[in-house]
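Here's the structure, in structure tokens; my notes come after.
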Amino acid sequence: MTRMKTRTTLIAALCVVAASGCGFVTGDDGGSGGGDAAECTDQELRLATIRAESDPATLAAEKFADLVDEGTDGRLSVRVFPNSQIGGVNDIFAGLSAGQEVDLFYEGISIYPTLEGASAFTITSVPFLWDSYDQLLGVLRTDRFGELLDEAAEATGVRVVAIEGDAEPRALSANRAIETPADMEGLKLRIAEAPMPQAFARALGAEPQVVPLADLYLALRQGVVDAQENGSITIVNQSLDEVQDYYMPTDYIRDARSWYVSDDWWQGLCQDDKDVVVDAAHEAGELDTAEVQKQMDEAMATLEQSLTVVQPDVEAFRTAVSETFRQFDGDLWPEGLLDEVAELKEQAP
């Protein structure tokens with residue numbers, strides 16, 4: 001527990017110096033008053049993931065449960081429900097908002113915009129916006145995004161109390177080599193049902209088609225679509241390399257896994273337990289990052305044997321779509337935020 005206590009002490013000290021913007025990191029709602037009025041109580045908590053038992057996110061969730069149990073001497077008991085046992089994303093968010101059926105949820109920040117009131121976080125999924133997970137994480141931890149996280153919590157009833165954990169970046173596989181933006185012309189691309197990937201595909205002349213993941217293998221085999229944009233782990237787990245010839249590690253959309261909680265539950269939690277939860281979330285998230293990298297390395301080793309790996313001209317792609325997403329400025333996210341992000345990327349550690 002020494003490492004966890006050190007992290008909390010350091011964050012608290014920084015917040016005193018900065019005097020703002022730390023609520024989303026520490027879980028402090030920023031309210032004034034003469035101390036923590038909430039009493040520490042025994043609780044049995046339900047933590048949901050939509051991932052399989054072997055997925056890094058679920059492994060991190062299990063680690064989190066152990067850390068919270070240890071940090072509270074068993075007063076907070078966390079039971080993990082993996083593999084959408086509590087339901088899909090919409091079901092889990094509904095439960096968190098209502099304070100029923102589920103208390104915590106571990107998944108990417110990219111899904112926050114599915115809640116009305118959190119659309120600003122659609123910007124995190126802009127294609128080719130991020131050079132790395134660390135860059136994305138650095139921007140999400142700035143004061144500006146701390147404000148956006150607090151606003152989203154108030155609007156949705158669902159609060160992000162910690163952001164920690166890499167996720168497999170989206171890439172590209174196809175039945176032909178895709179090296180430059182021009183190679184996308186006419187490509188029948190299976191795409192996620194989300195505005196950013198669809199805008200990306202259309203901007204480059206591809207033909208986006210929404211196909212459920214469960215049907216993707218057959219759709220590729222039958223030629224309904226020519227390509228898809230999941231990353232290496234998903235390709236291997238879904239055996240998509242059997243029906244694709246080329247893999248292009250574009251890493252064009254990144255994500256950062258986040259710890260969502262019911263805001264009402266969070267406001268009623270004593271400060272000592274908030275500190276334990278936040279510290280456990282960060283430490284468990286680091287396990288997720290390590291497991292994601294391990295599984296990506298293993299998946300790439302498989303793909304190098306089963307299909308042809310092509311290195312795309314990422315800078316050419318970035319240039320080709322650089323102005324595409326300004327159409328969403330002031331609509332899906334606050335006006336001017338895209339330019340703010342460009343500045344924050346330069347400032348973030």
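Every read-out reported here was derived from the displayed coordinates using simple, explicitly stated rules and does not represent laboratory data. Remember, it's a predicted structure, so these values are computed and weren't measured experimentally. Don't worry about glycine lacking a Cβ; one is built from the backbone with ideal geometry, like all the others, and counts go over all protein chains shown.
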For residue 81, list long-range residues whose amide hydrogen, built 1.01 Å from N in the peptide plane, is under 5 Å from its own amide hydrogen. 47, 48, 49
Per residue of the range 148-158, in order, report the coupling 6.51 cos²θ - 1.76 cosθ + 1.60 (Karplus, θ = phi - 60°) as ³J(HN,Hα) in whole Hz, putting x for Gly and Pro. 5, 5, 5, 4, 5, 4, 5, 7, 10, x, 10
How would you rank 253, 111, 86, going from fewest to most other Cβ atoms within 10 Å of each one's own Cβ? 86, 111, 253
Who wins for biggest fluctuation among 319, 289, 124 in a Gaussian network model of the chain, springs between alpha carbons below 10 Å? 319
Among 116, 229, 107, which one shows the biggest mean-square fluctuation in a GNM of the chain, springs joining Cα atoms closer than 10 Å? 116
Taking the DSSP beta bridges in the chain as the whole, what percent of them are antiparallel, to the nearest 5? 50 percent
What is the total of Lys pairs in the chain with C-alpha atoms under 23 Å apart, excluding same-chain pairs fewer than 8 positions apart? 4
Percent RCO, i.e. relative contact order, over the chain, from Cα pairs under 8 Å lying at least 6 residues apart: 25 percent
Sequence order, the range 201-209: Karplus ³J(HN,Hα) from phi using 6.51 cos²θ - 1.76 cosθ + 1.60, θ = phi - 60°, Hz rounded, Gly and Pro as x, gives 5, 5, 4, 9, x, 7, 10, x, 9
Phi-derived 3J(HN,Hα) across the range 239-244 with the Karplus relation (6.51, -1.76, 1.60, θ = phi - 60°), rounded Hz, x for Gly and Pro, is 6, 6, 5, 6, 10, 9
On Cα atoms only, tilt of 271-306 relative to the major axis of the chain in degrees: 20 degrees
Given charges of +1 on the Cβ of Lys and Arg and -1 on the Cβ of Asp and Glu, with all other atoms neutral, how large is the dipole of the range 49-176 about its Cα centre, in debye to the nearest 20? 400 debye
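Rank these for me by crowding, 44, 70, going from fewest to most other beta carbons within 10 Å. Each step should come with its number before you reach the end.
On the way: 44 9, 70 13.
Neighbour counts put them in this order, fewest first: 44, 70.
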Taking only DSSP H segments of four or more residues, each worth -39500 (n - 2.57), what value at 222 nm results for the chain once the sum is divided by all its residues, to the nearest 500 deg cm²/dmol? -13500 deg cm²/dmol
Residues meeting the amide H criterion for residue 231 (H placed from the backbone, H to H distance under 5 Å, 5 or more places apart or on another chain) are 171
